[in-house]
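J.: Before anything else, here's the structure in question.
The values are calculated or read from the model by the stated rules, or taken from the named source; none is laboratory data. Keep in mind the model is a prediction, meaning the values are calculated, not measured. Here the Cβ is made from the backbone with ideal geometry for all residues, glycine too, and neighbour counts use every protein chain on show. Keep in mind that these areas ignore ligands, DNA and RNA; they rest on the heavy atoms of the full protein, side chains included. Shrake-Rupley method; radii C 1.70, N 1.55, O 1.52, S 1.80 Å.
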Amino acid sequence: MSQLTQGTAVTRHTKVGPRSATVVLRCYGVLAAILDTAVRDRRILANPARGVSLPRKGKRAHTYLSHEQVEILARSSGQHATLVRLLSYTGLRWGEAIALRVRDVDTLRRRLSVRENATRVNGKIIVGTPKNHSARVVPFPDFLTLELARACEGKGQNGLLFGNGVDHLKQPAHGDGWFEVAIGRAKDLDPTFIRLTPHDLRHTAASLAVSAGGNVKAIQRMLGHSSAAMTLDVYADLFDDDLDTLASALDAARNRSAVDSDVPTPRNSANRDRHAKSMRTTSPL
């Protein structure tokens, strides 16, 4: 503790220089939680980590694909094409998608039951609950029905939907994994194709849902956000265009109702207007 206080604690990290805000905040959270426990155990009087100023994480601009680009990426992904389409049109997190089981797919109602989340920790897959610790039901578009049915073939109800049915799919490796290879192929077909990660397909799902007219509450439920306010905050840029669309829709609705020609003007209002006009014309300079 004295070394931490004096700043003389020895670290095993060989990288010299400041860390990113994400790393600092993560380390701070762990340290502060440990010291909170020490306070509760009366080993120290107060937590010196509380109340310090912390760096702010800069917001990275979201990456969105169009319908055409999603299809290019899917066709470039070979055997993982269905997974790419699923991520792009349902907004599931990677760990939620690879944890889906055959029993979670309802092809009649076109629903996915998201009950588990698979995370790799120190090389081992740890299966837990989805983020926010709550299961949810997510809709999927009809064009995915046949593909998901094929993914279920030959597997028991408890079999994993993607992969061999037993082992969870690994996160694609950076640089030379199948996802990076697919992006390279996609860029060959579309030079404007942007570089992205599997998690960015979640943002694409939100974008496509908003452009299709989905309301905020439905999109919140699809993405598994804790509140609609969070969805609006995370994807505020997607809803900016909705303001223009809303104003245009209101203008068009008013024009269709022919308000100017059909609504009579009250007589007293008309008299006041004529009186005000006459006063203006007769008033001295």
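J.: Based on the Cβ-Cβ distance from Ala247 to Val121, what FRET efficiency comes out when R0 is 45 Å, to the nearest 0.05? Write out the running numbers ahead of the final one.
T.: Details: r = 49 Å, r/R0 = 1.08.
About 0.40, to the nearest 0.05.
J.: With a 1.4 Å probe and all protein chains kept in place, how much accessible area does Asp167 have, in Å² rounded to the nearest 10?
T.: Its accessible surface works out to 90 Å², give or take rounding.
J.: Which of the peptides 183-189, 107-113, 80-86 is most tightly packed, and how do the rest follow, going by the mean number of other Cβ atoms within 10 Å of each residue? Write out the running numbers ahead of the final one.
T.: Working: 183-189: 15.7, 107-113: 13.9, 80-86: 21.9.
In descending order of packing, they fall as 80-86, 183-189, 107-113.
J.: Arrange the residues Tyr235, Tyr64 by how much accessible surface each exposes, largest first, with a 1.4 angstrom probe.
T.: Numbers: Tyr235 5, Tyr64 55 Å².
Solvent-accessible surface, decreasing: Tyr64, Tyr235.
J.: Take the Cα of Ser66, step 7 Å along the line toward its Cβ, and report every residue of segment 177-196 whose backbone nitrogen sits under 13 Å from that point.
T.: Hits in segment 177-196 for Ser66 at 13 Å: 190-194.
J.: With a 1.4 Å probe and all protein chains left in place, how much of the accessible area of segment 152-214 comes from carbon and sulfur atoms, in whole percent?
T.: Carbon with sulfur: 53 percent of the solvent-accessible area.
J.: Continuing with this model, one more query. Would you list Val52, Val138 from the most to the least accessible area, probe 1.4 Å? Walk me through the intermediate numbers first.
T.: On the way: Val52 70, Val138 0 Å².
Order by accessible area, largest first: Val52, Val138.
J.: Next question. For Met230, Met222, give the ranking by accessible area with the largest first, probe 1.4 Å. Can you show the working numbers first?
T.: On the way: Met230 75, Met222 20 Å².
Greatest to least solvent exposure: Met230, Met222.
J.: Evaluate E = 1/(1 + (r/R0)^6) for Arg19 and Ile194, where r is the Cβ-Cβ distance and R0 equals 22 Å; express this FRET efficiency to the nearest 0.05.
T.: Working: r = 27 Å, r/R0 = 1.24.
Once rounded, the FRET efficiency stands at 0.20.
J.: Taking the full set of protein chains and a 1.4 angstrom probe, give the accessible area of Leu196 in square angstrom, rounded to the nearest 10.
T.: Taking all protein chains as shown, Leu196 has close to 10 Å².
J.: For a paramagnetic label modelled at 7 Å from the Cα of Arg256 toward its Cβ, which residues of segment 212-247 fall within the zone defined by backbone nitrogen distances under 20 Å?
T.: Those under the cut-off are 212-215, 242-247.
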